[in-house]
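Heads up: the structure comes next, in structure tokens.
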Amino acid sequence: MSTATPADPSPDLRAEVRRATAALAATGHDHGRPVTSDLSIDEALLLHAVGWEPVDLVCGVSVVSVPSGVWNWGSGEIVAASQAQGLAFTGAANRIAEECGRAGGHGVVGVHVESTVQRHHVDVELVGTAVRPVGAAAKSDVFVSDLSGRDFSLLRQAGWIPVGLSYGASFVYAPRRSAGTSLRQTRENVELTNFTEAMYSARELAMERMQQTAITMGGKGIVEVKVTEGPMPFAHHAIGFAAWGTAVRLEAETHQYLRPKMVLPLDDAVVEFEAGSLRGQ
Amino acid sequence: MTDDALPEAAQRRLASGAFSSGLTIPDFSACLAMGLRPVGLVQGFCVMKWSWYGAGSPYLQASTPYSSGGGGYAESYRCPHGFVSGDHRSWGQNYEQTWVEAAWAQGFGSAYARLVDEAVATGAHGVIGVVDTARHLSDLAVTEFHILGTAVVVEEGSPPPDGRPWTTYLAGQRLAKLIEAGFMPVALAAAMSSVRVWAYCMTDYLMEGRNFTWGGAGAQEVDQVVRAHMAVRQLARAQVRGQLGGDALHGARLTTSHRELGEGDEVVECTLRGTRVRRFKDFDPVEPPMPTVRLS
């Protein structure tokens, strides 16, 4: 099979491939700890474009015990579970930051957050890539961020830096109605105000805790906030809320406006004329 | 299966004259543009049976706190309560199950070697777009490793120095960008680590939410389990670093699983895969990207 074409679209790339395969004859050079990274090549290139490089794949894990009996029926917040979730997240974040520091990174980007709540323990796992300014020496104060390599480079260009992963959680018991109220409401379309208030305050509490951790870290705000919520699979009357995101602060004197260019893609799907549109359909 | 020859069916398929490829059309097109000519879809398999690691197993090597498994990571925990009863878990241990890791490495390694053997038989220089799976067959104790990729020849390029083709999980534009960035794929790098948690009393109580009946207060980290989870991830990364020989690991994928065996006991396993890449030229940083807004 021949791949020769009259107008070769990428002659330089072909030469690069031949040069690269010829280089395999040379042995790898041992530069100490090898670089490992779960970033895509696009993310690695973008990091380099803003003067940063990947250093090592790093992890942090925490498993925190939840006392038995806390999921039984009650009212208000399930404080022990909220504390366990917060402690697990803090423990995992501290460990991933320690690994980053040992690897010589200045921070961790692209952190994947895996959090599971079980009846008697809460597990949090964080995995990301430690990064540093190209060739920079190790630093003791490192940041942890779930921003992708692309978002991190955009944030840097805009004059902001991540300061850490902020987190907040809240667990509440679903409020109960009295038998009389329940019976009365059988034939009504009515707002369950106690439900609304409980859910409202629980969400606010989780977000307030997240914001508080950001302030503690010296952040001015939080970006890319994710919120999860839902009943516990082992206790449907208990509802958990969690919110996390990357706390950021302004490093430049003022925000650097990126001035994006307008782009009109030429690959839009073909829009065919429909006669019905003349009749307003 | 003997190592000296490909299965007869594989030899017949590879000699048929038509090339086959697992590449998507965009990846296929990008590879042709790079001067990579597909010569065949190559694959390797290995079916492994996992033995029993419980009581009476020849693999059980850590039934007391004074043995340390099959070498590797191990740490012991002692009960702080003194003698309570004969059933009390007065000691616990985390230990690396090196025999499980060796079996995984054998399964993955054999499947990978067979994929490379097929690539050698096609005269390929490299294998791109590799996909690997490990799945249970028939029952929980039998696992099949399957590795599949597209063998390619570099037009006017050098054959691999030792005759063994280079391999990568990447294909198409992602591979082109990697090479443009100054990295050449060398080989797949993969490892699995396994740590058994043999819970002592405190771990048992905490994982069952019962520590609080012993005077414990508030949320508390389960130190033994946390250390096992951290260790299993560190072991997988250390094993892969050992395969890199000064090169880098690109596109790492770290996956973990754990099986709770009850009363705080569990097995934690971690798999790390990626492409070992070698720098062949100095890196030319690209210009900071231009932000755009689509008007569609």
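Computed from the coordinates by the stated procedures, all read-outs in this text should not be read as laboratory data. All figures in this text were calculated on a predicted structure; none of them were measured in a lab. Reconstructed Cβ throughout: ideal geometry from the backbone, glycine too, with neighbour counts over all protein chains shown.
The charge dipole of the protein assembly as shown, taken about its Cα centre with unit charges on the Cβ of Lys, Arg, Asp and Glu (plus for the first two, minus for the last two), comes to roughly 280 debye. Annotation: aspartates and glutamates with alpha-carbon distance below 15 angstrom to residue B:177 (same-chain offsets under eight excluded): A:12, A:16, A:42, A:43, B:27, B:282, B:284, B:287. Each DSSP beta bridge with both residues in segment A:32-252 is either parallel or antiparallel, and the antiparallel ones are about 95%. In chain A, helical runs assigned H by DSSP with n ≥ 4 each contribute -39500 (n - 2.57); averaged across all residues and rounded to the nearest 500, the mean residue ellipticity at 222 nm is -10000 deg cm²/dmol.
Secondary-structure-derived ellipticity at 222 nm for chain B, considering helices only, amounts to -8500 deg cm²/dmol, per-run term -39500 (n - 2.57) for DSSP H runs with n ≥ 4.
Its Cα centre serving as origin, segment A:32-252 has a Cβ charge dipole (Lys and Arg +1, Asp and Glu -1) of approximately 400 debye.
Averaged over peptide A:121-132, the number of partner chain Cβ atoms lying within 10 Å of each residue's Cβ comes to 2.
Backbone amide hydrogens, once placed in the peptide plane, bring residue A:36 within less than 5 Å of A:56, A:57, B:249, excluding anything fewer than 5 places away on its chain. Karplus-derived 3J(HN,Hα) values for segment B:21-30, using 6.51 cos²θ - 1.76 cosθ + 1.60 with θ = phi - 60°, are 7, x, 6, 6, 4, x, 5, 4, 5, 5 Hz; glycine and proline are entered as x. Note on B:186, B:47: ascending count of other Cβ atoms within 10 Å places them as B:47, B:186, the fewest first.
Rounded to the nearest 5, what % of the DSSP beta bridges within chain B are antiparallel ones? Please list the in-between numbers first.
Working: 57 of 59 bridges.
Counting DSSP beta bridges with both partners in chain B, the antiparallel share is about 95 percent.
Non-local amide H neighbours of residue B:261 (under 5 Å, H modeled in plane, Pro and chain starts lacking H): which ones? Amide H neighbours of residue B:261, under 5 Å, 5+ apart: B:266, B:267. Shown in residue order for segment A:234-240 are the 3J(HN,Hα) couplings computed by the Karplus curve 6.51 cos²θ - 1.76 cosθ + 1.60 at θ = phi - 60°: 9, 8, 5, 8, 10, 10, x Hz (x for Gly and Pro).
Here segment A:13-155 is assigned +1 on the Cβ of each Lys and Arg and -1 on the Cβ of each Asp and Glu. Its dipole about the Cα centre then comes out at about 360 debye.
What number, in percent, do you get for the relative contact order of segment A:32-252 if the mean sequence gap of Cα pairs under 8 Å and at least 6 apart is divided by its residue count? Don't skip to the end; give the middle numbers.
Details: 495 pairs, mean separation 48.4, N = 221.
Value for segment A:32-252: 22 percent.
Work out the mean other chain Cβ neighbour count within 10 Å for the residues of B:186-193 and drop it here as an integer. List each step's numbers first, then the result.
Numbers: counts 3, 1, 0, 2, 0, 0, 0, 0.
Mean shielding by partner chains, rounded to a whole number: 1.
The packing ranking of peptides B:190-201, A:149-160, A:206-217, highest mean first, is B:190-201, A:149-160, A:206-217, where packing means the average number of other beta carbon atoms within 10 angstrom of each residue. Annotation for residue B:282 and residue B:261: the two label points, set 7 Å from Cα along the Cα-Cβ direction, are 5.5 nm apart. Think of the protein assembly as shown as a dipole: +1 on every Lys or Arg Cβ, -1 on every Asp or Glu Cβ, centred on the Cα centre; then among A:54, B:120, A:162, A:162 lies furthest on the positive end. Peptides B:167-173, A:248-254 ordered by packing proxy, namely the average of other Cβ atoms within 10 Å per residue, highest first: B:167-173, A:248-254.
For each of A:71, B:50, count neighbouring Cβ atoms within 10 Å of the residue's Cβ, then give the residues from fewest to most. Could you put the intermediate results ahead of the total?
Values: A:71 22, B:50 15.
By the 10 Å Cβ count, ascending, the order reads B:50, A:71.
Compute the Cα gyration tensor for segment A:92-151, then decide on rounded, prolate or oblate, letting a ≥ b ≥ c be the square roots of its eigenvalues: rounded whenever a/c is under 1.5, prolate when a/b is larger than b/c in the other cases, and oblate in all that remain. Don't jump to the answer; show the numbers that get you there.
Values: a/c = 4.03, a/b = 1.92, b/c = 2.10.
Oblate, since a/c reaches 1.5 and b/c is not below a/b.
Stokes-Einstein diffusion for segment B:151-262, with the hydrodynamic radius set to the Kirkwood value over Cα pairs and evaluated at 25 °C in a medium of 0.890 mPa s, equals 135 µm²/s. Taking the C-alpha atoms only, the angle from helix B:98-121 to the longest principal axis of chain B is near 10 degrees.
For chain A, place one equal point scatterer on every Cα, skip the solvent, and apply the Debye formula. What is log10 of I(q)/I(0) at q = 0.09, 0.12, 0.17 Å⁻¹? Results for chain A at q = 0.09, 0.12, 0.17 Å⁻¹ read -0.65, -0.90, -1.26.
Per 0.36 nm of contour for each residue apart, how much would the distance between residue A:194 and residue A:75 grow if the chain were fully extended, relative to their Cα-Cα spacing?
On the way: separation 119, 0.36 × 119 = 42.84 nm, distance 1.10 nm.
In short, 41.7 nm is gained.
When Lys and Arg each count +1 and Asp and Glu each count -1, what net charge do the other residues less than 12 Å away from residue B:157, Cβ to Cβ, add up to? Mind dumping the intermediate values first?
On the way: positive: A:14, A:18, A:19, B:37; negative: A:16, B:155, B:156.
Net charge in that neighbourhood comes out at +1.
Peptide B:237-248 shows a mean partner chain C-beta count of 4 within 10 Å per residue C-beta. Counting only residues at least eight positions apart within a chain, or on another chain, there are no lysines with an alpha carbon under 18 Å from that of residue B:49. Which part of segment B:241-262 falls in the paramagnetic zone of residue B:84, meaning amide N under 20 Å from the point 7 Å along Cα-to-beta-carbon? Under cut-off, by backbone N: B:261-262. Taking only alpha carbon atoms, chain B gives an Rg to Rh ratio of 1.09, where Rh is the Kirkwood radius. The Kirkwood hydrodynamic radius of the protein assembly as shown, based on inverse pair distances between different Cα atoms, is 27.2 Å.
Close amide-amide hydrogen proximity is noted between residue A:238 and A:174, A:232, each under 5 Å apart and 5 or more residues distant or on a separate chain (H modeled in the peptide plane; Pro and chain starts excluded). Candidates A:121, A:237, A:210 compared by Cα position along the dipole of segment A:32-252: farthest toward the positive end lies A:237, with charges placed on Cβ.
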